[in-house]
Amino acid sequence: MNVSPVIREKLLRLGIQTELDLLLHLPIRYEDETHLFAITDALSGQTVQVEGIITRNEVILQPRRQWVCQVEDSSGALNMRFVHFYASQIKTFAVGQRVRLLGEIRQGYWGTEMVHPQCRLVSQGDALAETLTPVYPTTSGLSQKALRKLIAQLLQDAQYSSQLSETLPNDLIHQYQLFPFKQSIQYLHLPPPDAPMQALLERTHPAWRRIKFDELLAQQLSMRLHYRQRRSRVAPVLAARQMLTAKLLDQLGFQLTAAQIRVNAEISRDLANPHPMQRLLQGDVGSGKTIVAALAALQAIENGFQAAIMAPTEILAEQHFEKLSTWFAALSIRVVWLSGSQKKKQRQAVLDEMVLGAAQLVVGTHALFQGQVRFQQLGLVIIDEQHRFGVHQRLALRMKGESECVPHQLMMSATPIPRTLSMSYFADLDVSVIDALPPGRSPVVTKLVADTRRDEVIVRIQQACEQGKQVYWVCPLIEESETLQLQTAVETHQNLQAVFGELSVGLVHGRLSAQEKADVMTAFKQGQIQLLVATTVIEVGVDVPNASLMIIENAERMGLSQLHQLRGRVGRGSEASVCILLFQQPLSKIARQRLKIIFEHSDGFEIARQDLHLRGPGEFLGARQSGVPMLRFADIEQDDELLAAAQAVAGEMLDHYPQLAQRHVDRWLGSKLEYLRV
Ligand code: ADP
Ligand code: MG
């Protein structure tokens, strides 16, 4: 771009690198300098431009030092008032001068006034602006004036305006009644005097719709291209032989739910394809994803391939290991465990088994895709709680082992993804949803209890334990300090131990060694521990059906999905379960909203939808955020109808107009396409 280094640096700060970026730097609002209002016509609160002669100019000292000028036009007069001003200004705006003011009309103590208006001297008959004046997001040191000039120049320059040529085929433009692209850009930067201001501000104007549509389309196209590209690789054909899988189902103590059968079939079909599966399995906490994962792993194993399951925490990985070892032992399948905290020698033994192919299923943490990990023939990678891993796209490749085949990938998530999100930011994945819980679950009753009523809670715990039930006590999340969080957990444990002298109170937190954590969890599972004090490490996946009471301290500090996940740790048996959310007053507005939602809803999808509404997609995406193109203009909830259109158009363009599709993606994502090369 042809600008000075200083300006270039400022533009970079706004994320503007190219001319096109600059053209897509759209106004947040406008000022109307196309009209002159008669002073007496302007309504209070309205931002208007007026013109008149200065009839008074003085600095007054009461009630505070300020500069006041009276300006008169043929209809009346107003005061312009400045609290900050320079001596030079007082000189310039001398009595008798003609001045144009732009500002908000107010009724002040001395009558009609404008406080700190924009003002400049003019001559009678000076031309008015021909378009509305754009106000851009900017950064310190880069004035509106400078930005306006830069952009207006670009818009006039034929060379750049050719960069704005249409990327959509005519028939689709007509079919979806879209505003032309170049016109949209021009209109939004410099709207005509009669432009509907409200529609511009609310971004519902057809020009805005077109920009948002194009942005959504670029996202759709890139995700689908990405999908097709990965899909074009070769993967092992893992046919559904129904040998091991059937055996496992036989020995299981329960029947699969209809939802589990359906998603299992979807996965099974994908695995039999010669291209890598990229499927996201969604299911609320406790919906029974583990057995579905086990069946998928068996389908790989019965075809002579290895499978790997990776979980984000040691506790969760350990638990998978236990469960799957039990299930698979009867099938004489070798399951091994790999974690970062393993002793070197042990780890080496496991690694050897993996390379040789003796290990048929490997369960582990991040350690699974680090350094020298090699498989003999890896057919399937399963990633639990995928949103915790940022790198999943890279993963399959890292884990491809010795053959040229890419393993299939199954990602699992208990954080349900609202429909609009899976249509947009997750459009590069196939999605399966377990939409029903196994039968016989009794819903968890949620209670909101102010921290001042702790004593009642203590009594409740006592009673529950006397009845042979088990209880979780979840310590507050202290984001600022892990040490503080740990300290709180240790103290809570001591206090509760003192209160419940005769109960066995356990403690689990993130700083324990893997072995210590596993020991505590086993003791809890076996009923040796009755009350388990825990930090949020138990948030994901922990499964102890006999635990039917959970206390969450300082629930007002936690996010919705976290609360939902935590609460999902109870209500896993047939026992009626209760989750008590202790909160501390006063509650912030957002905390109050969150607690209301978690209190009123138990369906993870509904909670997720409301969460999306409260927080926007950013936090939802977690680690995904760095991997996919984010949206600047479109709002997937508000613009869901545009999103659906973009989805349809993306398919059409990839099939029938691949070159235009590529140009569209280049225009919108250009340099940001790094992730496509994954
Ligand atoms: P999540 O989806 O949260 O990972 P899990 O796989 O841990 O859930 O399953 C939760 C519990 O439900 C486990 O104890 C599991 O054995 C049990 N379960 C899973 N499927 C069924 C079913 N179809 N019928 C009864 N119990 C089931
Ligand atoms: Mg799970």
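The mean sequence separation of alpha-carbon pairs under 8 Å and at least six residues apart, normalised by the residue count of the stretch 243-434, gives a relative contact order of 31 percent. In a simple Cβ point-charge model (Lys, Arg +1; Asp, Glu -1; nothing else charged), the chain has a dipole of about 1140 debye relative to its Cα centre. Extending 7 Å from the Cα toward the beta-carbon at both His275 and Val6 defines two label points whose distance is 5.4 nm. Working from Cα pairs under 8 Å separated by at least six residues, relative contact order for the stretch 35-128 is 29 percent. Sorted from greatest to least, the principal axis extents spanned by the alpha carbons of the stretch 207-318 come out as 61, 33, 31 Å. Apply 1/(1 + (r/R0)^6) to the Cβ-Cβ distance of Glu482 and Arg632, taking R0 = 30 Å, and write down the FRET efficiency to the nearest 0.05. Given R0 = 30 Å and the Cβ-Cβ separation, E is 0.35. Were the residues from Leu43 through Glu491 laid out at 0.36 nm apart, the gain over their Cα-Cα distance would be 155.1 nm. Projected onto their three principal axes, the Cα atoms of the stretch 444-601 cover extents of 41, 35, 29 Å, largest first. Peptide packing for 573-583, 252-262 was compared via the average number of neighbouring C-beta atoms within 10 Å per residue; ordered from the highest value, the list is 573-583, 252-262. Computed from backbone phi, the HN-Hα couplings of the stretch 431-444 come to 10, 10, 10, 8, 9, 9, 7, x, x, x, 7, 9, x, 7 Hz, rounded to whole numbers (Karplus: 6.51 cos²θ - 1.76 cosθ + 1.60, θ = phi - 60°; Gly and Pro given as x).
Rg and Dmax, both from the Cα atoms of the stretch 35-128 and both in Å, are 12.3, 38. Proximity of backbone amide H atoms, modeled 1.01 Å from N, is registered between Met411 and Arg279, Leu280, Leu281, Ile383 at under 5 Å, excluding neighbours fewer than 5 places apart on the same chain.
Each other residue within a Cβ distance under 12 Å of Ala523 adds +1 if Lys or Arg and -1 if Asp or Glu, for a net charge of 0.
For a Förster distance of 35 Å, can you work out the FRET efficiency between the beta-carbons of Tyr227 and Arg13, rounded to the nearest 0.05? Walk me through the intermediate numbers first.
Details: r = 34 Å, r/R0 = 0.96.
Computed FRET efficiency for Tyr227 and Arg13 comes out at 0.55.
Ranked by the mean number of other Cβ atoms within 10 Å of their residues, highest first, the peptides 71-81, 561-571, 584-594 come out as 561-571, 71-81, 584-594.
Take the convex hull of the alpha carbons in the stretch 243-434; its mean projected area over all directions comes to 10.2 nm². For the stretch 58-75, 3J(HN,Hα) computed residue by residue from phi via the Karplus equation (6.51, -1.76, 1.60; θ = phi - 60°) reads 8, 9, 10, 10, 10, x, 8, 5, 7, 10, 10, 10, 9, 10, 10, 10, 5, 8 Hz, glycine and proline entered as x.
A cut-off under 11 angstrom between Cβ atoms defines the neighbours of Phe599, and their net charge, with Lys, Arg +1 and Asp, Glu -1, is +4. Computed per residue of the chain from DSSP H runs no shorter than four, each worth -39500 (n - 2.57), the mean residue ellipticity at 222 nm is -12000 deg cm²/dmol. For the chain, the relative contact order is 13 percent, taking Cα pairs closer than 8 Å that sit 6 or more residues apart in sequence and dividing their mean separation by the residue count.
FYI, it's all coordinate maths here, none of it is from the lab. Owing to the predicted nature of the structure, the values given are computational and were not obtained by experimental measurement. In this analysis, Cβ positions are derived from the backbone assuming ideal geometry, glycine residues included, and neighbour counts consider all displayed protein chains.
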